[in-house]
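Single-structure report; data block below.
The values are calculated or read from the model by the stated rules, or taken from the named source; none is laboratory data. In this text the structure is predicted, and so the values were computed from the model without any measurement. As a convention, Cβ positions derive from the backbone with ideal geometry for all residues, glycine included, and neighbour counts pool all protein chains shown. Note: areas computed on protein heavy atoms with side chains; ligands, DNA, RNA excluded. Shrake-Rupley method; radii C 1.70, N 1.55, O 1.52, S 1.80 Å.
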Amino acid sequence: METTAINPSAKLRIDTERRRSVNCILKNYKDSKSNLISILQDIQEKFSYLPTETLEEVAKKLNLKLIDVYGVATFYKSLRLSPQGKHNITLCLGTACHVRASAKILDEIQSQLGIGPGSTTENRELTFNTVNCLGVCAIGPVVVIDGKYYGRMTPIKTREMLSKYLKKKNFSNKATEKR
Amino acid sequence: MKKIRTKKNLEEYRKRIKKENSKFKKIVTICGGTGCHAYNCEQVKQKLRKELVKNGLLKKVALKVSGCHGFCENGPIVTIRPENIFYQRVSEKDVPEIMEKSILKNKIVEHLLYEDPVSRQKVTYLEEIPFYKSQKRLLLGKNGLIEPDKIEDYIVQGGYGALVKVLKLPAQKIIEIIKASGLRGRGGGGFPTGRKWEFCRNTEGEIKYVICNCDEGDPGAYMDRSLLEGNPHSVIEGMIIGAFAIGSNQGYIYVRHEYPLACRNAQIAIRQARKLGLLGKNILGSGFNFDIQIAKGGGAFVCGESTALIASLEGRMGEPRDKQHLHTTESGLWGKPTNINNVETWANVPLIINNGPEWFYQIGNENSKGTKIFSLVGKVQNTGLVEVPMGTTLREIIFEIGGGILNGKKFKAVQTGGPSGGCVPADSLDLPVDYEQLNAAGSMMGSGGMIVMDEDTCMVDVAKYFLNFLKEESCGKCLPCREGIKRMLEIVTDISEGRGKEDTLDLLEELSAVVTDTSLCGLGKTAANPVLSTLRYFRDEYENHIKEKKCPAGVCVPLLRYEILADCCKGCGACIKICPYNAISGKPKEIHIINQDICAKCGSCKTICKFNAVQLQ
Ligand SMILES: Cc1cc2nc3c(=O)[nH]c(=O)nc-3n(C[C@H](O)[C@H](O)[C@H](O)COP(=O)(O)O)c2cc1C
Ligand code: SF4
Ligand code: SF4
Ligand code: SF4
Ligand code: FES
Ligand code: FES
């Protein structure tokens, strides 16, 4: 899906390379079938998501049905089937953050970025995710931008931080231009 | 490093580390837990190191990076030993002053001390801070003294002494000790740990497994993370002892994928323990073999349930199976007898062995022994990790340790037990916290999340929140859970959006009963608890939503209406600037008006207005 604009020979080359990387990863696991989740996590670490051909390769090499591999890949939230943006913003919606009004921060981020949770901006720059607790509940509500945690967030603080961040990274998208 | 083979070896090793440590005149510890990371503790650490180098003190002053101190709200935290000075909210620019006053001299940097909000007195030492004073930090206390990636630190504190003790005992004797201590599982159910071990030991089979459950899917709880992250060896030592008693040679620690630091620290700890011969073949020369592997969870709440966790470890989708007829202690991982315990349960084991079961048995109350760590969060002054003897009352935890409600608001309820638990109201504040009494109050102990709610929290919204969570997390294997929760969520959503009808609440109760009685695993069986407990204690709030179409707490957006009071508005324009939806109009110095058709009810204008002109109708 992500390779639509690429010509066929380039696609084939990417395919082959990806399959090769999968085989390298598989070599690290002796008892492979039971390590399926870790294997998929390793693949994801490499590509930021799970490209279709890698799942096919895993199914083939481990002697599993493709549907079982897909089943696992879709069951677990840590595994993703679509590519992620270069940068990411994560908002915690866990109970501790929820009672401190993280829902309002959700509205704020959505209106700033123009995208909802689980999606990526059209230019593939930025992915926005929500999670159910990051384990830093004492300082909630928590927003994570490119791996850096920000505690005690408010809608107003979020707006200021995001507009600074978006300016710095030179992102422009519809929602931010409107302002 | 040579492997440790005997008790004598271990003691010699401990003595050697002690001697090496004695050359340090002072120990400066910076908290490196995830909470403090969010407050830039890394920069503080770098700066501390630079200052030590600059003053040529690297050989005289030890710099340590520890796990969570529990008071994350006030991080980053720096302590100085042997004086035991406790500094909080330390930033990079405070470091030269700390150096100057507290490291080079024996003075105190006043402005970094904790200030008691009631007496306005500065407090110098950890033990004197109200947040810590009433706690009994048997498990968490070591976090501040240990660098999680240095096994020496754990050993010098007496670590692995319990292991040496048990390797000489017959397995049954160890199980008797754990049984006599009264230890019960800290992962939620409260099953007696010694009995579980005994079942597993008594099941026939060559191969057996032990598992440490660090899935901690309960949102709002983070004590398991802080224990494994800050003191991984205490968990590992507990697991080795359990494995020896049960007769297992392989263990797993199942960690949530959102906990990268806990994974890393546990991984390093395992490697170090192997190097010293505390894990692997022929542990401490006893002939006993045991090793531990880390498995990263895939991110599904239901995988905290033991049979789903096992399915996940086997590389499958985390769907639970029926436990009524076949327990995991009989047939668990790959069909072998398997003993699963929670992180905190494992960490209690070395304490019990070292101090004796009688010592443990006298902590706590009638049926619940020892201490329990709670993650005290939400609308409370002092948020953080709190460890108290079982049976401590909610009031003591929330008001004495937690310092009461944030911003002087009124306490409404405390939620315990996560998505399987319930909300306990103000008139139950004197309830002693233990397994049975929380159950009787319609909630449960759970793994230890304690979320404090004030008058601004809407209980219908809380019920909706948990239903939404559970709808997402239901594995979908059985119909009552999959469809029942969805339907309950629709009903509660209707109520919160002003579409509730008179008979809705009866229907909700009926559905709750069905889902509870007919679901397969604990997730479904307890899914109705948040609804039932809020209905039990806060029925009037539901009725307000249904009959008057009002949300008294001002949370349920479709029922809200923000208005600007003409009498109070000064026309300062602050609200216009802040409104994200351009819903406010008005000329400078004139009365401003909110266009109700555009207003998204975000409440920003109410927060920003200095004249209290914006009111919730
Ligand atoms: C839906 C669900 C989620 C659970 N999540 C956890 C968890 O995150 N951590 C945990 O230790 N136990 C969890 N449990 C309880 C485990 O099934 C199991 O009882 C526990 O790990 C046993 O250890 P203990 O006896 O030491 O408490 C969960 C149970 C259910 C039904
Ligand atoms: S009760 Fe819910 S989570 Fe448990 S097995 Fe059934 S559908 Fe899955
Ligand atoms: S911020 Fe308050 S006082 Fe100022 S214009 Fe708005 S409503 Fe009026
Ligand atoms: S509540 Fe929010 S959207 Fe409505 S007027 Fe105030 S700031 Fe604007
Ligand atoms: S609830 Fe947000 S970090 Fe735990
Ligand atoms: S992370 Fe530093 S006190 Fe909790």
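Ranking of B:Lys47, B:Lys570, B:Lys369 by solvent-accessible surface, largest first: B:Lys570, B:Lys47, B:Lys369 (1.4 Å probe, protein heavy atoms only, all chains present).
Once the other residues with Cβ under 13 Å from the Cβ of B:Leu535 are scored (Lys, Arg +1; Asp, Glu -1), what is the net sum? The answer is -3. Averaged over peptide B:368-381, the number of partner chain Cβ atoms lying within 10 Å of each residue's Cβ comes to 2.
The trypsin sites (Lys or Arg not before Pro) of the stretch B:101-134 that meet both conditions, a loop assignment by DSSP and at most 11 other Cβ atoms within 10 Å of the site Cβ, are B:Lys105, B:Arg120.
With each label modelled as a point 7 angstrom along the Cα→C-beta vector, the B:Arg539-B:Ala171 pair spans 5.4 nm. Once the Cβ-Cβ distance of B:Lys122 and B:Lys60 is raised to the sixth power relative to R0 = 22 Å, the FRET efficiency obtained is 0.20.
Positive end of the dipole of the stretch B:497-604, charges at C-beta (+1 Lys, Arg; -1 Asp, Glu), about the Cα centre: which of B:Gly573, B:Ser604, B:Leu511 has its Cα farthest in that direction? Result: B:Gly573. About its Cα centre, the stretch A:87-177 has a charge dipole of approximately 280 debye under the convention of +1 per Lys or Arg Cβ and -1 per Asp or Glu Cβ, with nothing else charged. Can you give the accessible area buried between chains A and B, summed over both chains, with a 1.4 Å probe, in Å² to the nearest 100? Looking at A and B, the buried total is near 3800 Å².
Once the partner protein chains are put back, the stretch A:64-92 shows a loss of at least 10 square angstrom of accessible area, versus the chain by itself, at A:Gly71, A:Val72, A:Phe75, A:Tyr76, A:Lys77, A:Ser78 (probe 1.4 Å, ligands and nucleic acids excluded).
Counting only other chain Cβ atoms within 10 Å of each residue's Cβ, the peptide A:124-137 averages 6. Per residue of peptide B:117-128, the mean number of Cβ atoms on other chains within 10 Å of the residue Cβ is 0.
Antiparallel beta bridges, as assigned by DSSP with both residues in chain B, represent about 55 percent of the total such bridges. Charge tally around B:Lys196: other residues with Cβ under 11 Å, Lys/Arg +1 each, Asp/Glu -1 each, net +3.
A run of chain A free of exposed loop cleavage sites, with GluC sites (Glu not before Pro) counted only in DSSP states other than H, G, I, E and B and at most 15 other beta carbons within 10 Å, reaches its longest extent at A:3-121. The chymotrypsin sites (Phe, Trp or Tyr not before Pro) of the stretch B:172-212 include none that meets both criteria, a DSSP state outside H, G, I, E and B (loop) and at most 14 other C-beta atoms within 10 angstrom of the site's C-beta.
Full extension of the segment from B:Glu548 to B:Arg49, taken as 0.36 nm per residue of separation minus the current Cα-Cα distance, would add 173.5 nm.
Residues of the stretch A:30-59 that lose at least 50 Å² of accessible area (1.4 Å probe, protein heavy atoms only) when the other protein chains are present, relative to their chain alone, are A:Ser34, A:Ile37, A:Gln41.
Looking at the stretch B:151-361 alone, DSSP beta bridges between its own residues are antiparallel in about 10 percent of cases. Using a 1.4 Å probe over the heavy atoms of the protein chains, calculate the carbon and sulfur portion of the accessible area of the stretch A:8-75 as a whole percent. The value for the stretch A:8-75 is 53 percent carbon and sulfur by accessible area. Please report the carbon-and-sulfur percent of the accessible area for chain B; probe 1.4 Å, protein heavy atoms only, DNA, RNA and ligands left out. C and S fraction of accessible area: 50 percent. Ordering B:Pro76, A:Val69, B:Gly402 by the projection of their Cα atoms onto the charge dipole of the protein assembly as shown, which places +1 on the Cβ of Lys and Arg and -1 on the Cβ of Asp and Glu, puts B:Pro76 at the extreme positive end.
Within a Cβ distance under 12 Å of B:Gly498, other residues only, what is the Lys/Arg minus Asp/Glu net charge? Here the charged neighbours net out to +3. Remark: the stretch A:8-75 carries 55 Å² of accessible area per residue (probe radius 1.4 Å; ligands, DNA and RNA excluded). When a/c is below 1.5 the answer is rounded, else prolate if a/b is larger than b/c, else oblate, so apply that to chain A with a ≥ b ≥ c taken from the square roots of the Cα gyration tensor eigenvalues. Oblate shape, in that a/c is at least 1.5 and b/c is the bigger or equal ratio.
So what is the relative contact order of chain B, in percent, for Cα pairs below 8 Å that sit 6 or more residues apart? Rounded, it is 11 percent for chain B.
Within the stretch A:87-177, DSSP assigns beta bridges of which about 55% are antiparallel (rounded to the nearest 5). A DSSP coil position with no more than 10 other Cβ atoms inside 10 Å describes the following trypsin sites (Lys or Arg not before Pro) in the stretch A:46-103: A:Lys65. Take the Cβ atoms of B:Ile207 and B:Arg81, set R0 to 51 Å, and the FRET efficiency comes out at 0.65.
Taking every protein chain into account, the accessible area of chain B amounts to 40 square angstrom per residue (probe 1.4 Å).
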